[in-house]
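The values are calculated or read from the model by the stated rules, or taken from the named source; none is laboratory data. Values in this document were obtained by computation on a predicted structure and should not be read as measured data. Reconstructed Cβ throughout: ideal geometry from the backbone, glycine too, with neighbour counts over all protein chains shown. Side chains are part of the model used for accessible areas, which takes the heavy atoms of the whole protein and leaves out ligands, DNA and RNA. Shrake-Rupley method; radii C 1.70, N 1.55, O 1.52, S 1.80 Å.
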Amino acid sequence: MMMSHTQLPASGAGRRAANGRPSRCPLRVRAVAAVPKLATKAVAPSSYTNLTPEVAKDLYYDMLLGRDFEDMCAQMYYRGKMFGFVHLYSGQEAVSTGFIRAMRPMDSVCSTYRDHVHALSKGVPAREIMAELFGKKTGCCRGQGGSMHMFSAKHNVLGGYAFIGEGIPIGLGSAFQSKYAKDILGQEGDYDVTASFFGDGTCNVGQFYECLNMATLYKLPHIFVVENNLWAIGMSHQRATAGTSGDVEPHIYKKGPAFGMPGVHVDGMDVLKVREVALEAIARARRGEGPTLIECETYRYRGHSLADPDELRSKEEKAKYAARDPIPQLRAFMLSNGLASEAEIKAIDKKVADEVEDSVQFAEESPKPERGQLLENVFADPRGFGIAENGQYRYELPGFSSGTAAVS
């Protein structure tokens, strides 16, 4: 099902440099998958790794939850229940589901400002995410993170990041911690894996390249997941990114071999293909064989944010990717291959609808944070708030902890 190829540097093994010393052997990097062609014939479930009915139903459930949750977010945003910028993930669900559902609970995920669905896939309850979007105390960040900053230590979601590229070094740090714990501290078992998600626009900033270098240098259990939806806000990927050597088209995945790691391109609108690539990259990292760069060709079905009128993308381009919607694709595959019945599909549909409705009700009924919460987690030592005019530390003033003290 997957194709592979090898990209090699020009130098050959066993050659000698001009000074007579043996030259360095060429680095052989195997790409896990080449640019795929769309399937023209049916693929049997047996072609996919451990694709049981239970696994297929979980993939369908997770993608549908992501889609329905984001659709509800749009409704709530336009009703004035959410504030600031809200970036929806609709259309890209196969990437989040294909990768994150293949990971273990102890593995970590670093996200972007388009982070709601990554958190859902990693197991953060829909209630906590919706409450966070509503700015409520019961949210996963107690109402202080909002749409672009989902975080959950319990579920190893290491945050959403508003600025592009910010999360990749954090993900690398997480992978380094896993490497250090096993190799230096002698922790038993295999490596915990970290996946950092980011878009095509991020692949033109320096942090991306610095992290590619460091990940290979230390052979970190880290996966770089590029969600290439072809647009960086309103800038087309074709206009913003130079073509790789010998190519007219800009291929991000080909940057992997330049840094000594496999580069992979996969159809990001097909959750089963994404999952296959994810399973191989995760297993490779877990064995201690280092990082992988994976480019997922995907598409967002809404504008950059809910404030974006989405007038720059053509109707033809939108229609092309709408026809490849990953959710009905998987539904049809499951039904035609006996992985689920119509009744089971409808039961999942109802379960998701009820879960999303419940998340809204929970968010509506949840309390707002107290004012004094703003003073928490600012300084490890409360003396950092300084000294008041009367010579006392400010944190000792009456009403300070509740946020009602009069301070200059």
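Some points to look at:
- Of the residues Ser108, Met130, Gly167, the one whose Cα sits farthest toward the positive end of the charge dipole of the stretch 108-204, with +1 on the Cβ of Lys and Arg and -1 on the Cβ of Asp and Glu, is Met130.
- DSSP-assigned coil residues among GluC sites (Glu not before Pro) in the stretch 280-355, each with at most 11 further Cβ atoms within 10 Å: Glu311
- Kirkwood hydrodynamic radius over Cα pairs of the stretch 271-408, then Stokes diffusion coefficient at 20 °C and 1.002 mPa s, in µm²/s: 98 µm²/s
- Taking each residue as 0.36 nm, the span from Ala74 to Glu396 lengthens on full extension beyond its C-alpha to C-alpha distance by 111.5 nm.
- Extent along the principal axes, Cα only, for the stretch 71-230: 51, 33, 26 Å, with the longest axis given first.
- Solvent exposure of the stretch 137-215 as accessible area per residue, Å², 1.4 Å probe: 44 Å²
- Given charges at beta-carbon only (K, R positive; D, E negative), |dipole| of the stretch 282-394 in Debye: 440 debye
- Taking the chain and dividing mean pair separation by its residue count, relative contact order in percent (alpha carbons under 8 Å, at least six apart): 19 percent
- Global geometry of the stretch 363-408, whether rounded, prolate or oblate, following the gyration tensor of its Cα atoms and the 1.5 cut on a/c: prolate
- Of the three principal axes defined by the Cα atoms of the stretch 198-285, the extents in descending order read 35, 31, 26 Å.
- Here the 3J(HN,Hα) profile of the stretch 187-199, calculated from phi with Karplus coefficients 6.51, -1.76 and 1.60 at θ = phi - 60°, is 4, 6, x, 8, 7, 6, 10, 10, 10, 9, 9, 6, x Hz, Gly and Pro shown as x.
- Equivalent ellipsoid semi-axes - Cα gyration tensor, the stretch 41-115, angstrom: 29, 15, 10
- Loop-located trypsin sites (Lys or Arg not before Pro) in the stretch 171-223 (DSSP state not H, G, I, E or B) with no more than 16 neighbouring Cβ atoms inside 10 Å do not occur.
- In terms of distances greater than 26 angstrom between alpha carbons, the cross-link table entries Lys154/Lys182; Lys154/Lys346; Lys273/Lys318; Lys318/Lys346; Lys154/Lys254; Lys182/Lys254 yield Lys154/Lys346; Lys318/Lys346; Lys154/Lys254; Lys182/Lys254.
- Calculated accessible area for the stretch 264-408 comes out at 52 Å² per residue, all protein chains present (probe 1.4 Å; ligands, DNA, RNA ignored).
- Estimated D of the stretch 228-332 in µm² per second, where Rh is the Kirkwood radius over Cα pairs and Stokes-Einstein applies at 37 °C, 0.692 mPa s: 211 µm²/s
- Whole-percent carbon and sulfur share, accessible surface of the chain, 1.4 Å: 54 percent
- Matching label, Rg and Dmax of the Cα atoms in Å computed from the structure shown, candidates [x] 23.5, 80; [y] 24.6, 82; [z] 21.6, 72: [x]
- Counting only Cβ charges, +1 for Lys and Arg and -1 for Asp and Glu, the dipole size of the stretch 276-331 around its Cα centre is about 200 debye.
- For the pair Ser47 and Ala323, label points projected 7 Å from Cα toward Cβ lie 2.0 nm apart.
- Note on Gln144 and Phe163: the model spin-label points, each 7 Å out from Cα along the C-beta direction, lie 2.0 nm apart.
- Sparse-neighbourhood loop sites, GluC sites (Glu not before Pro) in the stretch 151-255 - DSSP loop, at most 13 other Cβ within 10 angstrom: Glu188
- Bridgeable lysines around Lys368 (alpha carbons under 21 Å apart, same-chain partners fewer than 8 residues away excluded): Lys81, Lys136, Lys137.
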